[in-house]
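Asker: Supplied in C-alpha cells, the structure appears directly below.
Taken together, the values in this text are just the output of simple stated rules run on the coordinates, not laboratory data. Keep in mind that what you see is a predicted model, and the values were worked out from it rather than measured. Glycine gets a Cβ as well: all are built from the backbone with ideal geometry, and neighbour counts include every protein chain shown.
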Amino acid sequence: MPGQMDLKKQVLDTMKTYQMIEEGGHIVAAVSGGADSACLLYVLNELKEELGFSLEAFHVNHGLRGAEADHDEAFTEELCRRLKIPVTTEHVKVREYGKAHGMSEEEAGRKLRYEALRRQAAKWKEENPEGRVQIATAHHQDDSSETILYNLFRGSGLKGLGGIRPISGDIIRPLIRNSRSDIEKWMRERGYTWCEDSTNRDSCYARNRIRNEILPLAESVHDGAAEGIIRAGGFIAQADEYLEGEAERIIDDFCFFQKGAVGIRADELEGKAAIVKAYVIRRMLRLVSCPMKDVGAVHLEAAAALLGGRVGKKVDLPHGYAAWNGYDTLFVGRRECQEEKEEKKLPDIRFAVFPYEKGMEIPKNQYTKWFDYDKMKNAPLLRFRRTGDYFLLPGGGKKSVKSYMIDEKIPADIRDRIPVLAEENHVIWIIGYRISEYYKVTAQTKHILEAVLDGGENDGR
C-alpha cells in the first residue's frame, strides 16, 4: 500500500537527515498506547535492523484516569509482547506532585514522564558506556503547529515560535514531519488499533482547544493552514539558530565568570540590536544554571535595560536570580552572588598625566575619564565615601555625596561600596556615576590626569 510505504520512508528520511541514531545505538520509545506512539513503535521496530539500533518501550501510568489508564498500560504491554520489544512501565503520582510543587497536572505529568524516561535511558548507558542512547517521542507535525500557536498567544520569543525541533538533546522525534491524519491512516490501513485518551477531547486544556477548535477554524479560513504554520515556524527556527550563534560568539569572546556570576562589559553590547542583547543575556543565565521556564521577554528586556546604567542597579529574575550593574559590567547570577560581588573592594585604576592639546577628543565612555590636573593641589586618593565628601555642580554650587546618592535613589546597602576618587573631601569622580564640575577639562586646561578603570581601553590618545 502506498500510504504505508510513504510514512515509513519519510520517517527513515527524517532519522537519516537529522542523524537521530547511530549504528549500534539504542532507542527508548515513549509509548502511551495512543495512535501516535503506537505508530512510532511499529515504525521503529521495522527500521531497527536497517539502521542498526536496538529498541525498547517505556510506558508511564500517570494515575489520573483510573481504569482507562490501566487499560492503556495493559494495551501497551500486550503490543510490546506481540512485537517482542522489551517494555518497562512506571507509575507516577502526577496530581500529588503537581500540588506539592505548584504545577498544573499537565506540567507535572510532563516533568515526571521525562525524568522516568531519562532514568531508563541511563540504565542502558550504564551497561553500554560506549553506546549512544536516545529517547524517542511521538510528537508530529500537528503537535508542532499547535505549539507554535500556543506560544504565539503567550507572546513567546523566536524559540517558542520555531515549533518542536526534530532533536532536542537526548530527545528525538521521528514522526515530526508526519501529520496526525497520515499517522492514523497508516495505522488503519494496516489494521492496527490504538487507545483513545478521553482527555484529548476535554476543552479545559488550552492545547485541546487549539487542536479541536482553533486549527480546524484556521483550515476553514485557509486550506493547508497547519502546514503554513509549520513552514513559518521553520523560518523562525532558522532565525533563532542564527541569533543563538551570534550570542554564543559574543559569550565566548567577551563573557567571564566572577564569584558565581557571569559578566560582560557593557560596551561590548553597545550598538547591538535589542534582540541580540536578549539572546546574550539568556545564554548568560543558562551559564549560571538559571531555570529558563519562567524567564520571559519582559525579564530579558529589563536586564538589557541595565546595560551602561548606574552601578548597583539590579533587576530581580525568577528562581532567585538577578541581573545587576558593576562599574562597567552587566552581571547575572543568583541574588546572593550580588552581595559577594559588591563587597567593599576597591577597583584597580591606571593613571596617566600628559599635556592637553587643542582638538583632543575627551572620552565619553564610563570607564575612562579625563580631569584638569592643574587644579589638583594634592595627589588624588581612591577610597570609599566619607562624612563631609562633596563635589561641585555646574555654576559652582556644592552638593554632598550623601545627598547626591539619596537623590539618585542609589540603594542604601551599596552606597558605602561605591568607590570615589577624591582630593581630600572634594570628590573628583563618583565611579560609575559622575565627576565634579570643578575638575572638568576646559579650553584653559594644560595637563590631563587620565584615570582608566581596570580593563578599560586607553582611548584618549
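Asker: What is the extension gain from Asp374 to Glu22, computed as 0.36 nm multiplied by their sequence separation minus the C-alpha to C-alpha distance, in nm to one decimal? Mind dumping the intermediate values first?
Answerer: Numbers: separation 352, 0.36 × 352 = 126.72 nm, distance 7.29 nm.
Result: 119.4 nm gained on full extension.
Asker: Straight-line reach from Lys16: which lysines have Cα under 19 Å away, leaving out those fewer than 8 places along the same chain?
Answerer: Of all the lysines, those that pass the test against Lys16 - Cα under 19 Å, at least 8 places apart if same chain - are Lys8, Lys48.
Asker: For the range 268-332, which trypsin sites (Lys or Arg not before Pro) pass both filters: DSSP loop (anything but H, G, I, E, B) and at most 11 other C-beta atoms within 10 Å? Don't skip to the end; give the middle numbers.
Answerer: On the way: sites: Lys272, Lys277, Arg282, Arg283, Arg286, Lys293, Arg310, Lys313, Lys314; in loops: Lys272, Lys293, Arg310, Lys313.
Hits after loop and neighbour filter: Lys293.
Asker: Same structure again: List Val332, Val315, Val11 from most exposed to least, where exposure is judged by having the fewest other Cβ atoms within 10 Å.
Answerer: Val315, Val11, Val332
Asker: Same structure again: Once the Cα atoms of helix 180-189 and of the chain are each reduced to a long axis, what angle between those two axes, in degrees from 0 to 90 to the nearest 10, is obtained?
Answerer: Relative to the chain, helix 180-189 is tipped by roughly 20 degrees.
Asker: Sticking with this structure for a sec: Taking amide H positions as placed in the peptide plane 1.01 Å from N, state which residues far from Ile172 in sequence (5 or more) or on other chains have amide H under 5 Å from it.
Answerer: Long-range HN contacts for Ile172: Ile135, Ala136, Thr137.
Asker: For the range 49-87 and the range 393-410, what is the separation of their Cα centres, given in Å?
Answerer: That distance is 72 Å.
Asker: I need the GluC sites (Glu not before Pro) found in the range 360-444, filtered to DSSP loop residues with at most 10 other beta carbons within 10 Å of theirs.
Answerer: Taking the range 360-444 and a limit of 10 other Cβ atoms within 10 Å, the loop GluC sites (Glu not before Pro) found are Glu361.
Asker: Here's something else I'd like to know. Can you list which of the trypsin sites (Lys or Arg not before Pro) found in the range 1-105 are DSSP loop residues with at most 11 other C-beta atoms within 10 Å?
Answerer: Loop-located and lightly packed - Lys84.
Asker: Right, next: Calculated from DSSP H runs of 4 or more alone, at -39500 (n - 2.57) each and per residue, what is the 222 nm mean residue ellipticity of the chain, nearest 500?
Answerer: Values: 16 runs with 189 residues, N = 461.
Only helices count here, giving -12500 deg cm²/dmol.
Asker: Cut-off under 17 Å on the C-alpha distance; same-chain residues fewer than 8 positions from Lys293 excluded. Which lysines are left, in chain and number order?
Answerer: Partners found: Lys111, Lys159.
Asker: Filter Lys314/Lys409; Lys375/Lys398; Lys409/Lys440; Lys369/Lys398 down to the pairs with a C-alpha to C-alpha distance above 23 Å, please.
Answerer: The pairs that break the limit, which is 23 Å between Cα atoms, are Lys409/Lys440.
Asker: Starting from 0.36 nm per residue, how many nanometres of slack lie between Tyr114 and Leu152 once their C-alpha separation is accounted for?
Answerer: 11.2 nm
Asker: Considering Cα pairs under 8 angstrom that are at least six residues apart, work out the relative contact order of the range 349-453 and quote it in whole percent.
Answerer: Relative contact order, the range 349-453: 48 percent.
Asker: Enumerate the aspartates and glutamates that Lys446 could reach by cross-link, defined here as Cα to Cα under 12 Å, with residues fewer than 8 away along the same chain left out.
Answerer: Straight-distance partners of Lys446: Glu357, Asp372, Asp374.
Asker: Take the Cβ-Cβ distance between Ser289 and Glu244 as r, set R0 to 22 Å, and report the resulting FRET efficiency rounded to the nearest 0.05.
Answerer: Approximately 0.75, to the nearest 0.05.
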